[in-house]
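The values are calculated or read from the model by the stated rules, or taken from the named source; none is laboratory data. Every value quoted in this text rests on a predicted model; they were computed, and no experiment measured them. Please note: Cβ atoms are built from the backbone with ideal geometry, for glycine as well, and neighbour counts cover all protein chains shown. Just so you know, the surface numbers come from the protein's heavy atoms only, side chains and all, with ligands and any DNA or RNA stripped out. Shrake-Rupley method; radii C 1.70, N 1.55, O 1.52, S 1.80 Å.
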Amino acid sequence: MKKQEIFRQLLQDKVQRALRVDKKKMIKECEKLNLSLATLYDFANYQRSYAKTKTVQALYFASKIVLGS
């Protein structure tokens, strides 16, 4: 596996965990960061294999806020 694939998988797992912990808060944080729900769910459900760096960073920060880590 390439490093990018590993990081993408780790982020997808983190996004899924954040959605399970507090779905409403995760959606709210994504809205603050101008991310659509479709992008959030595509990424969480492994339907999106590529995302722009800005999108990946936003998903990371949103999940970090929800999970507190």
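Quickly run through segment 1-35 and pick out the residues that are surrounded by fewer than 13 Cβ atoms within 10 Å (Cβ to Cβ), among the aliphatic types (A, V, I, L, M) and outside any helix (DSSP H, G or I).
Scanning segment 1-35 gives a single hit, Met1.
Every residue in segment 17-44 that is within 15 Å of Val56 (Cβ to Cβ) and not aliphatic (A, V, I, L, M), please.
Glu29, Cys30, Asn34, Ser36, Thr39, Asp42, Phe43
Which residue pairs have Cβ atoms under 6 Å apart, sit 6 or more places apart or on different chains, and have a first residue in segment 4-25 that is of a type in the set (D, E, K, R) and a second that is open to solvent by less than 50 Å² (accessible area, probe 1.4 Å)?
Cβ pairs passing all conditions: Lys14/Ser63; Asp22/Val66; Lys25/Val66.
Given the options Ala51, Ala38, Ala58, name the one that is outside any helix (DSSP H, G or I) and either among the basic types (Lys, Arg) or open to solvent by less than 80 Å² (accessible area, probe 1.4 Å) (or both).
Result of the check over Ala51, Ala38, Ala58: Ala51.
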